[in-house]
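Taking it in order: structure first as structure tokens, then the write-up.
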Amino acid sequence: MYDVVIIGGGPAGQSAALFTSKGQLKTLLLDNEKGLTQRALIRNHYGADDVPGGELVAVGRKQAEKFGTEFNKANVTNVIKKDEGFTIETEEGDTYEGKQIILATGANSKLAETIGLNTKPSSEPYVKHVVDVDAAGRTNIEGIWAAGTAAGVSVHTIITSGDGAKVAVNLLSDLKGERYVDHDAL
Ligand SMILES: Cc1cc2nc3c(=O)[nH]c(=O)nc-3n(C[C@H](O)[C@H](O)[C@H](O)COP(=O)(O)OP(=O)(O)OC[C@H]3O[C@@H](n4cnc5c(N)ncnc54)[C@H](O)[C@@H]3O)c2cc1C
């Protein structure tokens, strides 16, 4: 069983994966590879100058993989709560087990609604409904978190990736029982 299964491999999901895997949580990221960031030219992401969206996501994946995140291509169709953790079902017919889930599925709220997560109308352009989360990123189902566009933050890569990191730090803090900090020094 994975400690964390992250659904959605855009900036929010990958950034969350970087933190959870670097924080020693066994992390799996499932993505259906239909992300639209591939079509973007990012000129407003602090520290990354005029970077194609595909390049940002490719570097993000390498960073998370370096710390042990496993990536699988899969279209997730449901997440079912068990006595311990969750079973993740996919269109491909595979299932995965995870103790914690981070939903980072972008603008499409269909999966969230199938799972039974509370959603609400979005205030962001291009996004109809988002998951109703608390300030930490927790949803109405204990053990399921949401991050990035799926959780209603502003649709910019610096913000969605930051939100993925925020949710991962909150999840790590909950599991470790104290505020988690990930700092490296020269
Ligand atoms: C053409 C274009 C130009 C843009 N330009 C800019 C810009 O200049 N600057 C800027 O800051 N932002 C820009 N953006 C917006 C930016 O791409 C998004 O804000 C950001 O990518 C959202 O990150 P996210 O991780 O929340 O969601 P996404 O990047 O949408 O990632 C969600 C991921 O989840 C996957 N997924 C969804 N459902 C499932 C499922 N059921 N199972 C498995 N995987 C699933 C999707 O395929 C996708 O890979 C642009 C977007 C577009 C489309």
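The values are calculated or read from the model by the stated rules, or taken from the named source; none is laboratory data. Only a predicted model underlies this, so the values are computations on that prediction, with no experimental measurement involved. Methodologically, a virtual Cβ is constructed for each residue, glycine included, from the backbone with ideal geometry; neighbour enumeration extends over all protein chains shown.
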Subject >> In region 37-50, the residues that are touching a residue at least 60 places away in the same chain (Cβ under 8 Å) and surrounded by 12 or more Cβ atoms within 10 Å (Cβ to Cβ) >> reply: T37, A40, I42, H45
Original post:
Of the residues A147, A185, A136, A151, which single one is surrounded by fewer than 17 Cβ atoms within 10 Å (Cβ to Cβ), under 16 Å from Q100 (Cβ atoms) and of a type outside the set (F, W, Y)?
Top reply: A136
Original post:
In region 89-109, how many residues are closer than 20 Å to L18 by Cβ, aliphatic (A, V, I, L, M) and within 11 Å of the ligand (Cβ to nearest atom)?
Top reply: 3
**OP:** Please indicate, with yes or no, whether at least one residue in region 137-150 is touching a Gly at 6+ places or on another chain (Cβ under 6 Å) and assigned to a loop (DSSP other than H, G, I, E, B).
**Re:** yes
Original post:
What are the residues in region 83-133 that are surrounded by 13 or more Cβ atoms within 10 Å (Cβ to Cβ), among the hydroxyl-bearing types (S, T, Y) and in a loop (DSSP other than H, G, I, E, B), if any?
Top reply: T105, S109, S122
Original post:
Under 9 Å by Cβ, and 6 or more places apart or on different chains, what pairs join a residue from region 122-144 that is in contact (Cβ under 8 Å) with a residue 12 or more places away in the chain with one that is of a type in the set (D, E, K, R) and part of a loop (DSSP other than H, G, I, E, B)?
Top reply: S122/K128; V130/E124; T139/D132; N140/D132
Original post:
From the residues in region 51-83 that are without any contact (Cβ under 8 Å) to a residue 60 or more places away in the chain, among the hydrophobic types (A, V, I, L, M, F, W, C) and more than 19 Å from I144 (Cβ to Cβ), which one is nearest to the ligand (Cβ to nearest atom)?
Top reply: V57
Original post:
Within the bounds of region 149-169, is there any residue that is more than 9 Å from the ligand (Cβ to nearest atom), among the charged types (D, E, K, R) and either farther than 20 Å from L29 by Cβ or at pLDDT below 95 (or both)?
Top reply: no
Subject >> Enumeration of residues in region 46-63 that are in contact with a Gly (Cβ under 9 Å, 6 or more places away or on another chain) and among the hydrophobic types (A, V, I, L, M, F, W, C) >> reply: V57
Original post:
Somewhere in region 130-138, is a residue acidic (D, E), over 19 Å from S15 (Cβ atoms) and modelled with pLDDT of 95 or more?
Top reply: yes
Subject >> Filtered residue count, region 166-175, keeping only those that are surrounded by fewer than 18 Cβ atoms within 10 Å (Cβ to Cβ) and either touching a residue at least 40 places away in the same chain (Cβ under 8 Å) or in contact with an Asp or Glu (Cβ under 8 Å, 6 or more places away or on another chain) (or both) >> reply: 1
Subject >> Qualifying residue in region 51-68 (condition: among the β-branched types (V, I, T) and assigned to a strand (DSSP E or B)) >> reply: yes
Original post:
If you check G164 against the conditions, is it in a loop (DSSP other than H, G, I, E, B) and within 28 Å of V51 (Cβ to Cβ)?
Top reply: no
